[in-house]
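The values are calculated or read from the model by the stated rules, or taken from the named source; none is laboratory data. Remember, predicted model here, so these are calculated numbers, not experimental data. We place every Cβ from the backbone using ideal geometry, glycine too, and count neighbours over all the protein chains shown. Quick note on the areas: whole protein, heavy atoms, side chains included, nothing else; ligands and nucleic acids left out. Shrake-Rupley method; radii C 1.70, N 1.55, O 1.52, S 1.80 Å.
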Amino acid sequence: MSENKTLTTFKVKLAPVIGTEITVPGDKSISHRAVMIASLSNGPCVITNFLAGEDCLSTMAAMEQLGVKIERHENQMVVHGIHGKFKAPEKDIDCGNSGTTMRLLSGILAAQPFTSRLTGDPSLSKRPMRRVVEPLEKMGAKLKTEGDKGCPPITITGGNLKPIEYRTPIASAQVKSAVLLAGMLTEGDTTVIEPARSRDHTERMLEYFLVRTRREGNSVTIHGPQVPESRDFVVPGDISSAAFWLVAGAAQPGSRLLIENVGLNPTRTAIIDVLIRMGARIREVIEEVEHGEPSGTLDVQGANLKATVIGGDEIPNLIDEIPIIAIAAALAKGKTIIRDAKELRVKETDRIAAICTNLRAIGVNVTEKDDGMEIEGPTIFRGTTVKSFGDHRIAMAFAIAGLFCEGEMIIEDTECVQTSYPGFHDTLVEVQKGKGWLNRRTHVISAMPPKKKKNE
Ligand code: S3P
(Lines give C-alpha, C1' and ligand atoms only; values in the text may rest on other atoms or scores of the structure.)
Protein backbone atom coordinates (compact mmCIF):
# COMPACT_ATOMS: atom_id res chain seq x y z
CA MET A 1 0.00 0.00 0.00
CA SER A 2 1.61 3.30 -0.95
CA GLU A 3 1.01 6.43 1.05
CA ASN A 4 -0.81 9.28 -0.60
CA LYS A 5 -3.83 11.48 -0.11
CA THR A 6 -6.27 8.69 -1.01
CA LEU A 7 -4.96 6.32 1.67
CA THR A 8 -7.43 6.71 4.49
CA THR A 9 -6.68 3.71 6.71
CA PHE A 10 -3.63 1.91 8.08
CA LYS A 11 -3.89 -1.84 8.67
CA VAL A 12 -1.27 -3.16 11.07
CA LYS A 13 -0.48 -6.63 12.43
CA LEU A 14 1.77 -8.02 15.14
CA ALA A 15 5.35 -7.44 14.01
CA PRO A 16 8.29 -9.78 14.34
CA VAL A 17 11.36 -8.62 16.26
CA ILE A 18 12.69 -5.41 14.70
CA GLY A 19 16.29 -5.15 13.55
CA THR A 20 16.97 -2.17 11.35
CA GLU A 21 18.43 1.27 10.79
CA ILE A 22 16.21 4.15 9.80
CA THR A 23 16.19 7.88 9.34
CA VAL A 24 13.23 10.16 9.91
CA PRO A 25 12.22 13.31 8.02
CA GLY A 26 13.25 16.82 9.04
CA ASP A 27 12.13 18.34 12.32
CA LYS A 28 8.77 20.10 12.11
CA SER A 29 9.41 22.84 14.70
CA ILE A 30 12.84 23.62 13.22
CA SER A 31 11.54 23.62 9.61
CA HIS A 32 8.86 26.23 10.45
CA ARG A 33 11.44 28.46 12.08
CA ALA A 34 14.03 27.98 9.32
CA VAL A 35 11.72 29.20 6.58
CA MET A 36 10.40 32.09 8.71
CA ILE A 37 13.79 33.34 9.93
CA ALA A 38 15.38 32.90 6.48
CA SER A 39 12.46 34.91 5.02
CA LEU A 40 13.17 37.73 7.48
CA SER A 41 16.92 37.67 6.74
CA ASN A 42 18.94 39.98 4.53
CA GLY A 43 19.60 37.63 1.60
CA PRO A 44 19.43 34.12 0.16
CA CYS A 45 19.51 31.10 2.52
CA VAL A 46 19.72 27.46 1.37
CA ILE A 47 17.66 25.19 3.63
CA THR A 48 18.34 21.46 3.40
CA ASN A 49 16.12 18.62 4.65
CA PHE A 50 13.13 20.94 5.24
CA LEU A 51 10.13 18.86 6.30
CA ALA A 52 7.78 18.82 3.31
CA GLY A 53 4.84 17.94 5.55
CA GLU A 54 1.61 19.88 5.25
CA ASP A 55 2.14 22.04 8.36
CA CYS A 56 5.51 23.35 7.20
CA LEU A 57 4.23 23.77 3.66
CA SER A 58 1.54 26.08 5.13
CA THR A 59 4.32 28.22 6.61
CA MET A 60 6.22 28.19 3.32
CA ALA A 61 3.10 29.25 1.36
CA ALA A 62 2.46 32.02 3.91
CA MET A 63 5.98 33.38 3.38
CA GLU A 64 5.40 33.41 -0.38
CA GLN A 65 2.08 35.22 0.08
CA LEU A 66 3.98 37.85 2.09
CA GLY A 67 6.33 38.51 -0.82
CA VAL A 68 9.21 36.07 -0.20
CA LYS A 69 10.70 34.30 -3.23
CA ILE A 70 11.42 30.60 -2.59
CA GLU A 71 13.14 28.31 -5.11
CA ARG A 72 12.41 24.59 -4.73
CA HIS A 73 15.07 21.96 -5.39
CA GLU A 74 15.31 18.25 -4.54
CA ASN A 75 15.52 18.10 -0.71
CA GLN A 76 16.61 21.77 -0.63
CA MET A 77 15.16 25.22 -1.09
CA VAL A 78 16.56 28.70 -1.44
CA VAL A 79 14.70 31.35 0.53
CA HIS A 80 15.37 34.93 -0.55
CA GLY A 81 15.09 36.95 2.66
CA ILE A 82 13.48 40.37 2.47
CA HIS A 83 15.20 42.27 5.31
CA GLY A 84 12.40 41.92 7.88
CA LYS A 85 9.87 43.74 5.71
CA PHE A 86 6.97 41.75 4.33
CA LYS A 87 4.48 42.81 1.67
CA ALA A 88 0.80 43.09 2.66
CA PRO A 89 -1.02 39.86 1.61
CA GLU A 90 -3.74 40.18 -1.03
CA LYS A 91 -5.98 37.63 0.67
CA ASP A 92 -6.33 35.66 3.92
CA ILE A 93 -3.35 33.52 4.94
CA ASP A 94 -4.49 29.91 5.38
CA CYS A 95 -2.49 28.24 8.18
CA GLY A 96 -4.13 24.85 7.52
CA ASN A 97 -3.86 22.56 10.57
CA SER A 98 -0.77 24.29 11.93
CA GLY A 99 -0.84 26.05 15.31
CA THR A 100 2.88 26.81 14.98
CA THR A 101 2.29 28.66 11.68
CA MET A 102 -0.54 30.74 13.13
CA ARG A 103 1.09 31.62 16.45
CA LEU A 104 4.63 32.38 15.22
CA LEU A 105 3.30 34.28 12.22
CA SER A 106 1.09 36.37 14.52
CA GLY A 107 4.28 37.60 16.20
CA ILE A 108 5.94 38.52 12.90
CA LEU A 109 2.81 40.17 11.50
CA ALA A 110 2.28 42.18 14.70
CA ALA A 111 5.44 44.08 13.71
CA GLN A 112 4.44 44.69 10.07
CA PRO A 113 2.69 47.98 9.21
CA PHE A 114 -0.37 46.45 7.50
CA THR A 115 -3.44 44.34 8.20
CA SER A 116 -3.58 40.60 7.60
CA ARG A 117 -6.10 37.87 8.44
CA LEU A 118 -5.07 34.33 9.45
CA THR A 119 -7.46 31.39 9.01
CA GLY A 120 -7.18 27.65 9.62
CA ASP A 121 -8.92 24.30 9.14
CA PRO A 122 -11.75 23.21 11.50
CA SER A 123 -9.26 21.81 14.07
CA LEU A 124 -7.06 24.94 14.13
CA SER A 125 -10.22 27.08 14.28
CA LYS A 126 -10.90 25.59 17.73
CA ARG A 127 -7.44 26.22 19.18
CA PRO A 128 -6.78 29.00 21.72
CA MET A 129 -5.06 32.13 20.38
CA ARG A 130 -5.47 34.46 23.38
CA ARG A 131 -2.09 33.23 24.56
CA VAL A 132 -0.42 35.14 21.67
CA VAL A 133 -3.03 37.91 21.36
CA GLU A 134 -2.44 39.11 24.93
CA PRO A 135 1.33 39.80 24.77
CA LEU A 136 1.18 41.15 21.21
CA GLU A 137 -1.56 43.61 22.23
CA LYS A 138 0.62 44.66 25.15
CA MET A 139 3.30 45.48 22.58
CA GLY A 140 0.80 47.73 20.79
CA ALA A 141 -0.50 45.60 17.89
CA LYS A 142 -4.23 45.34 17.22
CA LEU A 143 -5.53 41.76 17.12
CA LYS A 144 -9.12 40.61 16.69
CA THR A 145 -10.23 37.00 16.94
CA GLU A 146 -13.51 35.93 15.37
CA GLY A 147 -14.01 32.47 16.89
CA ASP A 148 -15.43 31.53 20.29
CA LYS A 149 -13.23 32.31 23.32
CA GLY A 150 -10.36 33.83 21.34
CA CYS A 151 -10.20 31.20 18.60
CA PRO A 152 -9.25 31.93 14.94
CA PRO A 153 -9.58 33.55 12.45
CA ILE A 154 -7.32 36.37 13.67
CA THR A 155 -7.01 39.78 12.07
CA ILE A 156 -3.78 41.60 12.89
CA THR A 157 -2.93 45.23 12.32
CA GLY A 158 0.71 45.67 13.19
CA GLY A 159 3.55 48.15 13.35
CA ASN A 160 4.97 50.68 15.83
CA LEU A 161 5.43 48.18 18.63
CA LYS A 162 7.00 48.85 22.00
CA PRO A 163 9.17 46.31 23.85
CA ILE A 164 7.72 44.44 26.85
CA GLU A 165 8.80 42.09 29.61
CA TYR A 166 6.32 39.21 29.49
CA ARG A 167 5.82 36.32 31.92
CA THR A 168 4.04 33.53 30.04
CA PRO A 169 1.34 31.81 32.13
CA ILE A 170 2.27 28.44 30.54
CA ALA A 171 5.52 27.04 29.16
CA SER A 172 4.87 27.43 25.44
CA ALA A 173 7.51 27.65 22.73
CA GLN A 174 4.93 29.06 20.37
CA VAL A 175 4.05 31.98 22.66
CA LYS A 176 7.72 32.61 23.52
CA SER A 177 8.65 32.57 19.81
CA ALA A 178 5.79 34.88 18.77
CA VAL A 179 6.92 37.51 21.30
CA LEU A 180 10.63 37.11 20.46
CA LEU A 181 10.01 37.44 16.71
CA ALA A 182 7.91 40.57 17.32
CA GLY A 183 10.66 41.82 19.68
CA MET A 184 13.35 41.26 17.05
CA LEU A 185 11.60 43.82 14.83
CA THR A 186 10.92 46.30 17.68
CA GLU A 187 13.20 49.00 19.08
CA GLY A 188 14.46 48.13 22.59
CA ASP A 189 14.72 45.03 24.84
CA THR A 190 11.89 42.48 24.76
CA THR A 191 12.03 39.78 27.44
CA VAL A 192 10.03 36.54 27.80
CA ILE A 193 10.10 34.64 31.11
CA GLU A 194 8.63 31.14 31.21
CA PRO A 195 7.48 29.06 34.22
CA ALA A 196 9.45 26.09 32.82
CA ARG A 197 11.73 25.85 29.81
CA SER A 198 9.99 25.02 26.53
CA ARG A 199 11.81 23.96 23.36
CA ASP A 200 14.47 26.55 22.48
CA HIS A 201 14.78 26.21 18.69
CA THR A 202 13.87 29.87 18.07
CA GLU A 203 16.60 31.16 20.39
CA ARG A 204 19.19 28.79 18.92
CA MET A 205 18.27 29.66 15.36
CA LEU A 206 18.26 33.40 15.99
CA GLU A 207 21.75 33.09 17.50
CA TYR A 208 22.88 31.06 14.48
CA PHE A 209 21.50 33.75 12.13
CA LEU A 210 23.60 36.24 14.19
CA VAL A 211 20.69 37.86 16.01
CA ARG A 212 21.85 38.75 19.50
CA THR A 213 19.82 37.36 22.41
CA ARG A 214 20.52 37.04 26.12
CA ARG A 215 19.47 33.91 28.00
CA GLU A 216 19.38 33.45 31.76
CA GLY A 217 17.52 30.50 33.26
CA ASN A 218 14.02 30.54 31.81
CA SER A 219 14.28 34.12 30.56
CA VAL A 220 15.26 35.29 27.05
CA THR A 221 15.86 38.88 25.98
CA ILE A 222 16.18 40.12 22.43
CA HIS A 223 17.42 43.57 21.54
CA GLY A 224 15.65 45.02 18.53
CA PRO A 225 15.51 45.96 15.83
CA GLN A 226 17.73 43.33 14.21
CA VAL A 227 17.63 41.56 10.85
CA PRO A 228 18.94 37.97 10.65
CA GLU A 229 22.11 37.54 8.54
CA SER A 230 21.40 35.25 5.56
CA ARG A 231 22.99 31.83 6.16
CA ASP A 232 22.44 28.24 5.06
CA PHE A 233 20.75 25.77 7.39
CA VAL A 234 20.37 21.98 7.60
CA VAL A 235 17.32 20.64 9.44
CA PRO A 236 18.04 17.53 11.58
CA GLY A 237 15.60 14.58 11.77
CA ASP A 238 12.56 15.01 13.99
CA ILE A 239 12.80 13.31 17.39
CA SER A 240 9.00 13.49 17.66
CA SER A 241 8.80 11.29 14.53
CA ALA A 242 11.63 9.05 15.78
CA ALA A 243 9.64 8.58 19.02
CA PHE A 244 7.22 6.18 17.31
CA TRP A 245 10.05 3.83 16.31
CA LEU A 246 11.83 4.32 19.63
CA VAL A 247 8.81 2.85 21.40
CA ALA A 248 8.33 0.13 18.76
CA GLY A 249 11.93 -1.01 19.36
CA ALA A 250 12.19 -0.32 23.11
CA ALA A 251 9.06 -2.30 24.09
CA GLN A 252 9.95 -5.51 22.27
CA PRO A 253 12.66 -7.71 23.85
CA GLY A 254 15.11 -8.84 21.16
CA SER A 255 14.62 -5.80 18.94
CA ARG A 256 17.49 -3.50 17.94
CA LEU A 257 16.96 -0.27 16.12
CA LEU A 258 19.31 2.51 15.06
CA ILE A 259 17.79 5.89 14.27
CA GLU A 260 20.30 8.13 12.55
CA ASN A 261 20.63 11.88 12.05
CA VAL A 262 17.99 12.74 14.60
CA GLY A 263 17.83 16.07 16.42
CA LEU A 264 18.94 15.69 20.06
CA ASN A 265 18.23 19.16 21.45
CA PRO A 266 17.92 18.65 25.25
CA THR A 267 14.62 20.56 25.33
CA ARG A 268 13.16 17.78 23.15
CA THR A 269 14.73 14.59 24.48
CA ALA A 270 12.67 13.97 27.63
CA ILE A 271 11.09 10.97 25.83
CA ILE A 272 14.49 9.24 26.06
CA ASP A 273 14.72 9.89 29.82
CA VAL A 274 11.21 8.55 30.33
CA LEU A 275 11.82 5.39 28.31
CA ILE A 276 15.11 4.76 30.16
CA ARG A 277 13.22 5.15 33.47
CA MET A 278 10.80 2.55 32.14
CA GLY A 279 13.70 0.12 31.64
CA ALA A 280 14.43 0.72 27.94
CA ARG A 281 18.00 0.37 26.74
CA ILE A 282 18.75 3.46 24.68
CA ARG A 283 22.12 4.94 23.79
CA GLU A 284 22.19 8.52 22.58
CA VAL A 285 25.26 9.57 20.60
CA ILE A 286 25.55 13.25 19.69
CA GLU A 287 27.61 13.32 16.50
CA GLU A 288 27.41 16.95 15.59
CA VAL A 289 26.17 20.34 16.61
CA GLU A 290 25.39 21.87 13.27
CA HIS A 291 23.84 25.32 12.94
CA GLY A 292 23.18 25.45 16.68
CA GLU A 293 21.25 22.16 16.94
CA PRO A 294 22.79 18.90 18.26
CA SER A 295 22.02 15.72 16.31
CA GLY A 296 23.19 12.12 16.21
CA THR A 297 22.15 8.49 16.53
CA LEU A 298 19.78 6.70 18.88
CA ASP A 299 20.54 3.04 19.45
CA VAL A 300 17.61 1.18 21.02
CA GLN A 301 17.46 -2.38 22.32
CA GLY A 302 14.13 -3.90 23.31
CA ALA A 303 13.28 -4.82 26.92
CA ASN A 304 10.32 -5.51 29.19
CA LEU A 305 9.19 -2.05 30.25
CA LYS A 306 7.93 -0.97 33.67
CA ALA A 307 5.59 1.84 34.72
CA THR A 308 6.69 5.38 35.63
CA VAL A 309 5.35 8.77 36.72
CA ILE A 310 5.54 11.69 34.28
CA GLY A 311 4.71 15.29 35.23
CA GLY A 312 5.95 18.76 36.20
CA ASP A 313 8.65 20.55 34.21
CA GLU A 314 9.29 17.43 32.12
CA ILE A 315 5.93 17.82 30.36
CA PRO A 316 6.80 20.71 27.97
CA ASN A 317 9.79 18.71 26.73
CA LEU A 318 7.72 15.66 25.73
CA ILE A 319 4.26 17.12 25.17
CA ASP A 320 4.06 15.90 21.55
CA GLU A 321 5.27 12.40 22.54
CA ILE A 322 2.55 11.67 25.09
CA PRO A 323 0.34 9.72 22.61
CA ILE A 324 3.18 7.27 21.91
CA ILE A 325 4.33 7.26 25.58
CA ALA A 326 0.78 6.15 26.43
CA ILE A 327 1.28 3.12 24.17
CA ALA A 328 4.60 2.34 25.91
CA ALA A 329 2.82 2.68 29.27
CA ALA A 330 0.10 0.21 28.23
CA LEU A 331 2.83 -2.30 27.33
CA ALA A 332 4.72 -1.71 30.61
CA LYS A 333 4.23 -3.54 33.90
CA GLY A 334 2.40 -1.49 36.55
CA LYS A 335 0.48 1.78 36.66
CA THR A 336 1.94 4.73 34.73
CA ILE A 337 0.74 8.16 35.85
CA ILE A 338 0.80 11.12 33.45
CA ARG A 339 -0.11 14.45 35.09
CA ASP A 340 0.28 18.24 34.58
CA ALA A 341 -0.46 17.73 30.88
CA LYS A 342 -3.71 19.69 30.50
CA GLU A 343 -2.26 21.37 27.39
CA LEU A 344 -2.98 18.07 25.60
CA ARG A 345 -6.66 19.05 25.63
CA VAL A 346 -5.98 21.94 23.22
CA LYS A 347 -3.74 20.24 20.66
CA GLU A 348 -4.86 19.11 17.17
CA THR A 349 -7.62 17.27 19.05
CA ASP A 350 -8.28 16.76 22.78
CA ARG A 351 -5.45 14.25 23.03
CA ILE A 352 -6.31 13.11 26.58
CA ALA A 353 -9.82 12.10 25.48
CA ALA A 354 -8.59 10.61 22.17
CA ILE A 355 -5.86 8.49 23.80
CA CYS A 356 -8.20 7.21 26.53
CA THR A 357 -11.00 6.35 24.06
CA ASN A 358 -8.64 4.41 21.80
CA LEU A 359 -6.77 2.68 24.65
CA ARG A 360 -10.11 1.44 26.06
CA ALA A 361 -11.10 0.19 22.60
CA ILE A 362 -7.95 -1.95 22.36
CA GLY A 363 -8.45 -3.45 25.82
CA VAL A 364 -6.33 -1.23 28.09
CA ASN A 365 -7.36 -0.28 31.61
CA VAL A 366 -7.05 3.53 31.64
CA THR A 367 -8.45 6.26 33.89
CA GLU A 368 -8.92 9.69 32.36
CA LYS A 369 -7.93 12.68 34.53
CA ASP A 370 -8.45 16.36 33.89
CA ASP A 371 -4.71 16.88 33.30
CA GLY A 372 -3.57 13.44 32.18
CA MET A 373 -4.31 9.74 32.68
CA GLU A 374 -3.39 6.59 34.57
CA ILE A 375 -2.60 3.56 32.46
CA GLU A 376 -2.27 -0.03 33.67
CA GLY A 377 -0.17 -2.64 31.93
CA PRO A 378 1.08 -4.85 30.53
CA THR A 379 -1.68 -5.44 27.99
CA ILE A 380 -1.78 -7.52 24.82
CA PHE A 381 -3.73 -5.16 22.60
CA ARG A 382 -6.96 -6.30 20.98
CA GLY A 383 -6.84 -5.61 17.24
CA THR A 384 -9.84 -3.46 16.34
CA THR A 385 -10.77 -0.30 14.45
CA VAL A 386 -9.81 3.03 16.04
CA LYS A 387 -10.08 6.62 14.86
CA SER A 388 -7.32 9.15 14.36
CA PHE A 389 -9.60 12.03 15.43
CA GLY A 390 -7.92 13.87 12.54
CA ASP A 391 -4.74 14.05 14.65
CA HIS A 392 -1.46 12.85 13.10
CA ARG A 393 0.14 11.80 16.40
CA ILE A 394 -2.91 9.79 17.50
CA ALA A 395 -2.95 7.99 14.12
CA MET A 396 0.76 7.09 14.31
CA ALA A 397 0.71 6.10 18.01
CA PHE A 398 -2.09 3.59 17.41
CA ALA A 399 -0.38 2.29 14.26
CA ILE A 400 2.57 1.41 16.53
CA ALA A 401 0.12 -0.22 18.99
CA GLY A 402 -0.89 -2.41 16.02
CA LEU A 403 2.65 -3.87 15.97
CA PHE A 404 1.83 -5.38 19.39
CA CYS A 405 -1.78 -6.51 18.80
CA GLU A 406 -3.66 -9.75 18.45
CA GLY A 407 -5.51 -9.74 15.14
CA GLU A 408 -5.42 -6.60 13.06
CA MET A 409 -5.43 -2.92 14.07
CA ILE A 410 -7.22 -0.62 11.66
CA ILE A 411 -6.64 3.10 12.05
CA GLU A 412 -9.15 5.26 10.20
CA ASP A 413 -8.65 8.71 8.68
CA THR A 414 -4.88 8.62 8.46
CA GLU A 415 -4.40 11.35 5.84
CA CYS A 416 -3.56 13.65 8.78
CA VAL A 417 -0.19 11.83 9.10
CA GLN A 418 0.96 13.98 6.15
CA THR A 419 1.01 17.03 8.41
CA SER A 420 4.20 15.89 10.14
CA TYR A 421 5.47 12.59 8.73
CA PRO A 422 5.25 11.88 5.00
CA GLY A 423 6.74 8.39 4.58
CA PHE A 424 5.54 7.05 7.94
CA HIS A 425 3.50 4.29 6.31
CA ASP A 426 6.37 3.13 4.11
CA THR A 427 8.60 2.71 7.19
CA LEU A 428 5.72 0.96 9.00
CA VAL A 429 5.51 -1.56 6.17
CA GLU A 430 9.28 -2.15 6.30
CA VAL A 431 9.35 -2.50 10.08
CA GLN A 432 6.67 -5.18 9.85
CA LYS A 433 9.04 -7.21 7.67
CA GLY A 434 11.20 -7.73 10.78
CA LYS A 435 14.78 -8.70 11.36
CA GLY A 436 15.72 -9.82 7.87
CA TRP A 437 15.78 -6.17 6.95
CA LEU A 438 18.84 -5.45 9.11
CA ASN A 439 21.42 -3.18 7.46
CA ARG A 440 19.11 -1.91 4.77
CA ARG A 441 18.39 1.77 5.17
CA THR A 442 15.32 3.76 4.37
CA HIS A 443 16.07 7.28 3.40
CA VAL A 444 12.94 9.29 3.65
CA ILE A 445 13.32 11.93 1.01
CA SER A 446 11.24 14.99 1.70
CA ALA A 447 11.12 16.19 -1.88
CA MET A 448 9.56 19.58 -2.38
CA PRO A 449 6.17 19.47 -4.07
CA PRO A 450 5.74 22.02 -6.89
CA LYS A 451 4.34 25.42 -5.99
CA LYS A 452 0.53 25.52 -6.13
CA LYS A 453 -0.92 27.52 -9.00
CA LYS A 454 -3.37 30.31 -8.21
CA ASN A 455 -6.97 29.04 -7.73
CA GLU A 456 -5.73 25.45 -7.28
C1 S3P B 1 5.76 23.68 19.01
C2 S3P B 1 5.57 23.84 20.35
C3 S3P B 1 4.66 22.99 21.14
C4 S3P B 1 4.33 21.71 20.41
C5 S3P B 1 3.99 21.94 18.97
C6 S3P B 1 5.14 22.60 18.24
C7 S3P B 1 6.67 24.61 18.31
O8 S3P B 1 3.48 23.70 21.41
O9 S3P B 1 3.28 21.03 21.07
O10 S3P B 1 3.68 20.72 18.32
O11 S3P B 1 7.11 24.31 17.20
O12 S3P B 1 6.95 25.67 18.88
P13 S3P B 1 3.37 24.81 22.59
O14 S3P B 1 4.40 25.81 22.36
O15 S3P B 1 2.00 25.38 22.44
O16 S3P B 1 3.54 24.08 23.85
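Qualifying GluC sites (Glu not before Pro) in segment 10-79, where qualification requires a DSSP coil assignment and no more than 12 other C-beta atoms within 10 Å, comprise E74. With respect to the cross-link table entries K91/K144; K347/K387; K13/K433; K28/K433; K28/K142; K11/K306, which display a Cα-Cα separation exceeding 19 Å? Checking Cα-Cα distances, K28/K433; K28/K142; K11/K306 exceed 19 Å. So what's the angle, to the nearest 10 degrees on a 0 to 90 scale, between helix 239-250 and the longest Cα principal axis of the chain? Long axis of 239-250 versus the principal axis of the chain: about 10 degrees.
Shown here are the Rg and Dmax of the Cα trace of segment 64-142, at 13.8, 42 Å. Relative contact order of the chain: 21 percent, from C-alpha pairs under 8 Å at least 6 residues apart in sequence.
Counting only alpha carbon atoms, the long axis of helix 99-110 and the longest principal axis of the chain meet at about 10°. For segment 63-207, the Stokes-Einstein estimate of translational diffusion at 37 °C and a viscosity of 0.692 mPa s comes to 211 µm²/s, using the Kirkwood hydrodynamic radius over alpha-carbon pairs.
Quick one: putting +1 on the C-beta of Lys and Arg, -1 on the C-beta of Asp and Glu, what dipole do you get for the chain around its Cα centre, in Debye to the nearest 20?
Details: 56 positive and 57 negative charges, 91 e Å.
Value, rounded to 20: 440 debye.
Of all DSSP bridge pairs formed entirely within the chain, close to 70 percent run antiparallel. Note on segment 109-190: Rg/Rh from Cα positions, Kirkwood definition for Rh, rounded to two decimals, is 0.96.
Extent along the principal axes, Cα only, for segment 246-319: 37, 31, 13 Å, with the longest axis given first.
Given +1 on the Cβ of Lys and Arg, -1 on the Cβ of Asp and Glu, and no further charges, what dipole in debye does segment 57-148 carry about its Cα centre, rounded to the nearest 20?
320
Taking Rh as the Kirkwood radius computed over C-alpha pairs, what is the Stokes-Einstein D of segment 168-242 at 4 °C in a medium of viscosity 1.567 mPa s, expressed in µm² per second? In µm²/s, the coefficient is 100. Accessible surface of the chain, 1.4 Å probe: 49 percent of it comes from carbon and sulfur atoms. For segment 210-349, the equivalent ellipsoid derived from the alpha-carbon gyration tensor has semi-axes of 31, 20, 12 Å in decreasing order. Solvent-accessible area per residue in the chain equals 38 Å², computed with a 1.4 angstrom probe and all protein chains kept. Here segment 1-145 is treated as a Stokes sphere of Kirkwood radius computed over C-alpha pairs; at 25 °C and 0.890 mPa s its diffusion coefficient rounds to 144 µm²/s. Sparse packing (at most 16 other Cβ atoms within 10 Å of the Cβ) combined with a DSSP loop state is found for the following GluC sites (Glu not before Pro) in segment 164-206: E187. Using C-alpha pairs under 8 Å with a sequence gap of at least 6, the mean separation divided by the residue count of segment 119-194 gives a relative contact order of 28 percent. Each peptide in 290-300, 26-36, 384-394 receives the mean, over its residues, of other Cβ atoms within 10 Å, and ordering these scores from highest gives 26-36, 384-394, 290-300. So which trypsin sites (Lys or Arg not before Pro) in segment 73-147 are both in a DSSP loop and have at most 10 other Cβ atoms within 10 Å of their Cβ? Loop-located and lightly packed - K91. Here the 3J(HN,Hα) profile of segment 426-431, calculated from phi with Karplus coefficients 6.51, -1.76 and 1.60 at θ = phi - 60°, is 4, 5, 4, 5, 5, 4 Hz, Gly and Pro shown as x. Just going by the charge dipole of the chain, with Lys and Arg at +1 and Asp and Glu at -1 on Cβ, which of T157, V247, M60 is farthest out on the positive end? Checked the options; the winner is T157. Dipole size of segment 188-294 about its Cα centre, with +1 on Lys/Arg Cβ and -1 on Asp/Glu Cβ: approximately 420 debye, rounded to the nearest 20.
In the chain, a dipole from Cβ-located charges (positive for Lys and Arg, negative for Asp and Glu) runs towards its positive end, and of T357, A34, A270 it is T357 whose Cα lies farthest in that direction. Computed over the Cα atoms of the chain, pair by distinct pair, the Kirkwood hydrodynamic radius stands at 22.1 angstrom.
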